[in-house]
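Bear in mind that the values in this text are calculations on the coordinates, not laboratory data. Since the model is a prediction, treat every value here as computed from it, not as a measurement. Note: ideal-geometry Cβ built from the backbone for every residue, glycine included; neighbour counts use all protein chains shown.
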Amino acid sequence: MKQLAKEFLNEEGGQDLIEYALVSAVIAFGCIAAIGGLTNPIVNGIHGITNNLTNNV
């Protein structure tokens, strides 16, 4: 039983998976933050196009 516990603690295969998950989470957080920052300019652009179309029809 002790040998099994030692092998489990020394096994490093699962660490790669955790590292990839953390990197993916950081990338996803950055994407969400970037999209949040672009929301207002996109909405303002759409409103400007809508206003131009409404005024010129």
Practice item. Report the GluC sites (Glu not before Pro) located in the chain that are in a DSSP loop and have at most 12 other Cβ atoms inside 10 Å of their Cβ, or state none. Key: GLU11, GLU12
Check your understanding: What Kirkwood hydrodynamic radius, in Å, does the chain give when the mean of 1/r is taken over all pairs of distinct Cα atoms and then inverted?
Key -> 15.8
**Study point:** Value at 222 nm in deg cm²/dmol, rounded to 500, when DSSP H runs of n ≥ 4 in the chain each add -39,500 (n - 2.57)
**Key:** -32500 deg cm²/dmol
Exercise for review: Treating the angle as unsigned and between 0 and 90°, give the value, to the nearest 10°, between the Cα long axis of helix 13-55 and the longest Cα principal axis of the chain.
Suggested key: 0
